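What follows is a set of notes on a single structure, which appears directly below.
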Amino acid sequence: MLAPEVETLPWKQQLALDDASYRVQLAYLLDRSPFYRAKLGGIDTGGGLAEIASLPLTEKEELRVTRTPENPVGAQLCATEDEIVRIYSTSGTTSAPNYIPLTAGDLDNWITGSARSYAASGIAAGQRIVSTYNAGPFVAGAALAAFDRIGLCHIPVGTGNTERLVRSIELLRPHAVVLTPSYAAYLLENHDLRGSSVERVLVAGEPGGGEPVFRARLEEGWGARVTEAMGIGDIGISLWGECEEQEGMHLGARGFVHAELVDPDSGAALDLGDGATGELVLTHLRHRAAPLLRFRTRDHVEVRTSPCRCGRTSPRIRCLGRTDDMLIVRGVNVFPAAIREVVSAFAPAVSGQIVVRPRAPGVKQEPPLPVSVELGPGVQPDEGLAHAIAKRVREVLVVQAQVELVAPGSVPRSEYKSRLVERL
Ligand SMILES: [Zn+2]
């Protein structure tokens with residue numbers, strides 16, 4: 001454990017420390033954030049962390065509309081120019097880039113939390129890790145400093161060159177690799193990595209690494225243990241990291257970020273209890289450049305608060321999918337990632353790649369929901385298999401699917417994030 005005195009502190013004591021940080025952060029927002037001064041005007045902000053749910057949620061779009069040519073960050077910017085040491089962009093595919101400024105202290109806190117999250121995987125000082133992140137403009141670049149903080153020998157190979165990656169695994173014999181789950185799966189389709197030196201595969205950047213069937217397939221193919229990490233650009237990198245128990249990601253950024261759960265439809269606060277599911281909402285506790293309060297992450301997560309055998313006391317989460325991907329079929333919420341999980345159980349008859357192709361625009365869909373399921377290598381389409389998959393999806397997810405089996409390799413692969421939903 002990288003910081004046992006922090007990571008094993010009883011959660012109640014953590015919340016007491018967080019309450020004090022939160023009160024200071026709130027006063028800072030009211031003093032320095034034009035965005036929150038306007039948003040919180042007329043609202044009683046006198047409560048502590050226990051009363052945080054009485055304050056409004058922050059939507060990404062609200063921040064976006066405050067950007068101007070004079071202030072491209074947005075009205076949430078609190079720090080002065082000379083306080084800012086780094087400005088990242090988020091890799092959003094729509095509209096203008098979203099700029100994430102950081103003070104020196106913010107950057108240091110990001111790295112501290114990220115280092116704890118990655119170290120939870122069991123990787124330790126002196127070991128070698130191959131990374132496939134592009135350090136360029138995106139926040140994931142800051143995670144690279146976390147590898148230094150842990151004391152690893154870091155071998156950056158970047159994205160876009162599979163041969164270079166495989167060669168570096170063969171020749172430099174790393175203990176670990178860090179990549180997206182899609183890429184980890186993609187590599188297995190063309191390379192035999194079971195006998196490689198890699199003992200740990202750290203996945204991040206998209207949900208999926210925690211789906212039991214998918215994970216089992218990665219572990220089998222790599223001959224290595226798979227754990228996941230997760231962050232969100234607007235709040236922090238690799239805020240969460242899974243430990244060797246593999247029962248969800250611990251909050252590595254504890255003390256820097258407060259986590260809540262809300263109902264994705266109504267926005268109502270939900271109890272962060274064991275087994276609870278909902279949308280993850282995050283609040284900065286000690287941020288200076290552009291701190292956010294009750295930020296809606298759009299990540300739909302399941303929470304575990306039962307004691308973890310590793311000794312870390314923070315709650316754990318598993319990401320079930322993005323609420324942006326969520327579809328509602330006859331009143332039932334459906335996550336494409338959950339469909340992928342059910343379908344993956346049919347491997348090796350299927351490859352594990354799926355694409356959901358909604359017929360109607362928007363969230364609400366009429367059944368049956370069209371799902372393209374890619375066959376495994378050398379497998380021929382078979383009516384019985386399609387029916388069996390549709391039946392299983394109906395049993396597990398209570399949604400009627402129209403399964404179309406497609407040829408092996410026909411679902412587009414990505415080195416970064418796979419798209420599970422394709423609209424007409
Ligand atoms: Zn644990």
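Observations, loosely collected:
- Restricting the search to strands (runs of 3 or more DSSP E) fully inside the range 297-336 and requiring at least 2 residues that are more than 16 Å from the ligand (Cβ to nearest atom) and under 28 Å from L63 (Cβ atoms) gives 316-322, 327-329.
- Residue within the range 216-226 that is of a type in the set (A, V, I, L, M), open to solvent by 30 Å² or more (accessible area, probe 1.4 Å) and under 27 Å from A124 (Cα atoms) present: yes
- Answer residue from the range 308-357, given it is open to solvent by 10 Å² or more (accessible area, probe 1.4 Å) and β-branched (V, I, T) and is modelled with the lowest pLDDT among those: T323
- In summary, P101 fulfils each of the numbered conditions (1) crowded, with 17+ Cβ neighbours inside 10 Å; (2) in a loop (DSSP other than H, G, I, E, B) with the single exception of condition (2).
- Considering A349, A360, the condition of being away from the ligand (no atom under 16 Å from the Cβ), touching a Gly at 6+ places or on another chain (Cβ under 7 Å) and among the hydrophobic types (A, V, I, L, M, F, W, C) is satisfied by A349 alone.
- Residue list for the range 358-413, restricted to those being assigned to a loop (DSSP other than H, G, I, E, B), open to solvent by less than 60 Å² (accessible area, probe 1.4 Å) and closer than 24 Å to T323 by Cβ: P358, A360, G362, P367, P368, V399, V411
- The single residue among S21, S54 that is of a type in the set (G, A, S), buried (at least 16 other Cβ atoms within 10 Å of the Cβ) and modelled with pLDDT of 95 or more turns out to be S21.
- When the range 231-276 is filtered for residues that are within 14 Å of E302 (Cα to Cα), among the hydrophobic types (A, V, I, L, M, F, W, C) and within 15 Å of the ligand (Cβ to nearest atom), the ones remaining, listed by number, are W240, M249, L251.
- Out of E206, E245, one residue alone is modelled with pLDDT of 95 or more and under 23 Å from S344 (Cβ atoms). It is E245.
- A count restricted to the range 36-49 and to residues that are more than 15 Å from H284 (Cα to Cα) and at pLDDT 95 or above stands at 4.
- Near pairs, Cβ below 7 angstrom, 6+ apart or cross-chain, from the range 59-84 (exposed (fewer than 15 other Cβ atoms within 10 Å of the Cβ)) to any residue that is of a type in the set (A, V, I, L, M, F, W, C): N71/L77
- Counted residues, the range 190-215 - those being out of contact with any Ser or Thr (no Cβ under 6 Å at 6 or more places or on another chain), surrounded by fewer than 19 Cβ atoms within 10 Å (Cβ to Cβ) and either under 19 Å from L320 (Cα atoms) or in contact (Cβ under 8 Å) with a residue 40 or more places away in the chain (or both): 1
The values are calculated or read from the model by the stated rules, or taken from the named source; none is laboratory data. Source: prediction; values computed, not measured. Methodologically, a virtual Cβ is constructed for each residue, glycine included, from the backbone with ideal geometry; neighbour enumeration extends over all protein chains shown. SASA here: full protein model, heavy atoms, side chains in, ligands and nucleic acids out. Shrake-Rupley method; radii C 1.70, N 1.55, O 1.52, S 1.80 Å.
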